[in-house]
Amino acid sequence: MENVEPPRDPNEWTDEQWIEWLKATDGDADYVEESTTTVLQRIVQSSPGQVLGQAMLGMANAIYGRQDDDIIIVVEGSGETTDDEPFAVQLDPEHPEHSSVTFKPTSHPST
């Protein structure tokens, strides 16, 4: 479909013919992606874009609840603590939320 002008009545062509004509006349489409990226960056970085993003996060929290952002570290060990360790661990398998780690004070050399 090179150098073919579209018909005066748009209904004369099928959707496939229009798509083929648009692709043929589009040339190099790289500028579209760059332009779209620039526009999206401006929208995201603008004040209204920031407000809209925060509103969407607020709605997600209201509908689905807050996401659990707690950092949990799991390490296997013997379960036995010694006096020379700088911490004491007390685990409650029945209620893991009641487990605790207590750090012992260390003696600092006097300066």
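The values are calculated or read from the model by the stated rules, or taken from the named source; none is laboratory data. Source: prediction; values computed, not measured. Every residue, glycine as well, gets a Cβ built from its backbone with ideal geometry; the counts of neighbours run over all protein chains shown.
Is it the case, given these coordinates, that THR36 is hydroxyl-bearing (Ser, Thr, Tyr), modelled with pLDDT under 80 and in a loop (DSSP other than H, G, I, E, B)? The answer is no for THR36.
Determine, yes or no, whether ASP69 is at pLDDT 80 or above, exposed (fewer than 10 other Cβ atoms within 10 Å of the Cβ) and charged (D, E, K, R). Considered against the rule, which asks whether it is at pLDDT 80 or above, exposed (fewer than 10 other Cβ atoms within 10 Å of the Cβ) and charged (D, E, K, R), ASP69 comes out as no.
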